[in-house]
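*Asks:* I'd like to ask you about the structure that follows.
The values are calculated or read from the model by the stated rules, or taken from the named source; none is laboratory data. Because the structure is predicted, anything quoted here is derived from the model rather than measured. Every residue, glycine among them, receives a Cβ derived from its backbone with ideal geometry; neighbour counts consider all protein chains shown.
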Amino acid sequence: MTDIKINHLTKVFGGVRAVDDLTIYIVDGIATGLIGPNGSGKTTLMNLITGLLRPDCGTIEIGSKTFDNINPRDLRELHIARTFQDGRLVDQLSVEDNLLLAIAENDTGKSLLQINIGPMRQRLEQTLKQIGLTAHRKKTAEELSYGQRKLLELGRALIQDADIYLLDEPFSGLQEQMVEHVLGLISELKKQKKTVVIIEHNMGLIKQIADKLIVLDHGQLLTSGTPNAVLKNKAVQQAYLGV
């Protein structure tokens, strides 16, 4: 089981409770949309789950393991991969090296030895094909278009072959053709019964891809449920949709 349980999680920045005594359950093997107005705590929550921030209190359960703080070095062992809204590419490295970096060991010596191992190379070729960047493999990340950079960012998560994928605005700024491409990639993860959590502001897209929605407001749970039920909720419409 790779479900995620957030228990009374709190994170405070200078008196602002970005995540405020939050308790939610992210179901194993489905796509969950994490929505809410700007500043509602969505990205902060992802950063807490992936160890980029330390909670002030509360716990995070990943499957059968409980943490009061997750070390980012442990994400591979926990089979968690994520993307970032602003991207975390190394601009001077090639497309394929950015992908390989995502699955390299923390130990540099081991990383260098791994690069030529058959399974790793096979995973690289598969991921390049998935994200449609095989022809651009030798380009540096800074030579790519905005949309291609978003695909490479997603590829860095896909190549890890994780059980849990945390995707922070994967559709942001993409043209229609690339939106469809990313929808296809996420749909494939769903077919594989991966646990997918997606932060997204486009309600049309989130209705297409999510099986469940969790709505945050001021760091707290506003409501959760199926997309149709949640988006008809008066409190959601008032707090998030502005109607």
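*Asks:* Check off (1) in contact with a Gly (Cβ under 9 Å, 6 or more places away or on another chain); (2) surrounded by fewer than 16 Cβ atoms within 10 Å (Cβ to Cβ); (3) at pLDDT 95 or above for residue 163 and give me the number that stays unchecked.
*Replies:* Among (1) in contact with a Gly (Cβ under 9 Å, 6 or more places away or on another chain); (2) surrounded by fewer than 16 Cβ atoms within 10 Å (Cβ to Cβ); (3) at pLDDT 95 or above, residue 163 violates only (2).
*Asks:* Out of the residues in region 95-133 meeting the condition of being at pLDDT below 95 and assigned to a loop (DSSP other than H, G, I, E, B), tell me which one is farthest from residue 77 (Cα to Cα).
*Replies:* Filtering first and then ranking leaves 116.
*Asks:* Can you tell me which residue is farthest from residue 213 (Cα to Cα) among those in region 53-67 that are at pLDDT below 95 and either in contact with a helix residue (DSSP H, G or I) (Cβ under 6 Å, 6 or more places away or on another chain) or assigned to a loop (DSSP other than H, G, I, E, B) (or both)?
*Replies:* My answer is 64.
So that you can scan it fast, the table gives a plain yes or no per residue for (1) surrounded by fewer than 18 Cβ atoms within 10 Å (Cβ to Cβ); (2) over 18 Å from the mean Cα position of the chain (by Cα); (3) under 28 Å from residue 64 (Cβ atoms):
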position	(1), (2), (3)
175	yes, yes, no
197	no, no, yes
211	yes, no, yes
226	yes, yes, yes
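*Asks:* Out of all the residues in region 52-84, which are under 22 Å from residue 12 (Cβ atoms) and of a type in the set (S, T, N, Q)?
*Replies:* Scanning region 52-84 gives 59, 66, 69, 71.
*Asks:* From the list 3, 21, 56, which residue is under 30 Å from residue 191 (Cβ atoms), assigned by TED's automatic domain parsing to the domain that holds residue 230 and surrounded by fewer than 20 Cβ atoms within 10 Å (Cβ to Cβ)?
*Replies:* Working: 21 fails: under 30 Å from residue 191 (Cβ atoms); 56 fails: under 30 Å from residue 191 (Cβ atoms).
Unique residue meeting the criteria: 3.
*Asks:* List pairs: first in region 60-74 and in the same structural domain as residue 166 (by TED's automatic domain parsing), second outside any strand (DSSP E or B) and small (Gly, Ala, Ser), Cβ under 9 Å, 6+ apart or cross-chain?
*Replies:* From region 60-74, the pairs are 67/51; 69/51; 70/51; 71/51; 72/51; 73/51; 74/51.
*Asks:* Evaluate the following for residue 48: is it outside any strand (DSSP E or B) and either within 25 Å of residue 127 (Cβ to Cβ) or in contact with a helix residue (DSSP H, G or I) (Cβ under 6 Å, 6 or more places away or on another chain) (or both)?
*Replies:* No: the conditions fail for residue 48.
*Asks:* Which residues, taken from region 134-164, are among the charged types (D, E, K, R) and assigned to a helix (DSSP H, G or I)?
*Replies:* Within region 134-164, 142, 143, 149, 150, 153, 156 meet the criteria.
*Asks:* Of all the residues that make up region 8-43, how many are out of contact with any helix residue (DSSP H, G or I) (no Cβ under 8 Å at 6 or more places or on another chain), under 26 Å from residue 64 (Cβ atoms) and among the β-branched types (Val, Ile, Thr)?
*Replies:* 6
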